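The following block contains the structure, expressed as structure tokens.
The values are calculated or read from the model by the stated rules, or taken from the named source; none is laboratory data. All values reported here derive from a predicted model rather than from experimental measurement. Here the Cβ positions follow ideal geometry from the backbone for every residue, glycine too, while neighbour counts run over all protein chains shown.
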Ligand code: PEP
């Protein structure tokens, strides 16, 4: 992490877990146990149906609520879809875009990801753009080329002003939900690669200011080492964000690290 230049964000991605009642219970536990120091931003990406209760229960604390997806059109005949404006009206601040599960199971292409990024920004949402390679791509030494392609495709047409409102999550697909974590060095190198892609697109200053998270089986045991990498500015956490004690443990780790750094 490098607090001097950019925000650290610890975000939980609940995927399709928890009902509204369970969300209230989780949010109550979280808010009573949060660290007093406000050194990292905390986000939870909840299912659509849990957004109102999450926002209500966490309204007085510094936990921002995110959606896990959205449609790129403002409105229209898209049965089952949710627009950015609908999320904004509820008080949602962030939205995951291009999570590998959306790409794999819902045929989300890079072109769709790009449209969603533009729609989220236009509505005032802060996208967390997910990118990452497959195991086969890593084995073939194609990680950097793939990241280069995915980041450029997702950010096509995004201006220097707009990039300030985007976070990138490096999520190697082989590490998501598998219990296989990237080594701190692999995570650090990939995040540094993404930063160098941003540098070539937007210049050194904006690249330095962009938060780049690591996601892929991060948990209370490995968080410290992953977050110790200078280009890893937080985590996008699936499984380990479902229990308040585990999620809090990672939040405290991020906080403590920053305290010892400054
Ligand atoms: C994720 O859903 O983005 C994720 C990283 O999941 P997990 O932590 O369970 O691998």
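Which numbered condition trips up residue 56, out of (1) within 18 Å of residue 113 (Cα to Cα); (2) surrounded by fewer than 19 Cβ atoms within 10 Å (Cβ to Cβ)?
(1)
For residue 138, only one of the following conditions fails: (1) under 20 Å from residue 196 (Cβ atoms); (2) without any contact (Cβ under 8 Å) to a residue 40 or more places away in the chain; (3) in a loop (DSSP other than H, G, I, E, B). What is its number?
The number of the failed condition is (3).
Here is a further query. Counting only residues that are within 16 Å of the ligand (Cβ to nearest atom) and modelled with pLDDT under 95, give me the helices (runs of 4 or more DSSP H) lying completely in the stretch 82-130 with at least 3 of them.
So the answer is none; nothing clears 3.
Quickly run through the stretch 2-33 and pick out the residues that are touching a helix residue (DSSP H, G or I) at 6+ places or on another chain (Cβ under 8 Å), closer than 14 Å to residue 242 by Cα and part of a loop (DSSP other than H, G, I, E, B).
Scanning the stretch 2-33 gives 14, 15, 18, 19.
If you go through the stretch 179-195 one residue at a time, do you hit one that is within 11 Å of the ligand (Cβ to nearest atom) and more than 18 Å from the chain's Cα centre (by Cα)?
yes
Name, by its number, the condition in (1) surrounded by 17 or more Cβ atoms within 10 Å (Cβ to Cβ); (2) within 15 Å of residue 173 (Cβ to Cβ) that does not hold for residue 134.
It is condition (1) that residue 134 fails.
Related question: Looking at the structure I just gave you, is residue 207 touching a helix residue (DSSP H, G or I) at 6+ places or on another chain (Cβ under 7 Å), away from the ligand (no atom under 16 Å from the Cβ) and within 23 Å of residue 164 (Cα to Cα)?
The answer is yes for residue 207.
Would you pick out the residues in the stretch 227-260 that are under 16 Å from residue 181 (Cα atoms) and more than 15 Å from the ligand (Cβ to nearest atom)? Working first, answer last.
Residues of the stretch 227-260 that are under 16 Å from residue 181 (Cα atoms), as a first pass: 227-229, 232, 234-241, 250.
Correct list: 228, 229.
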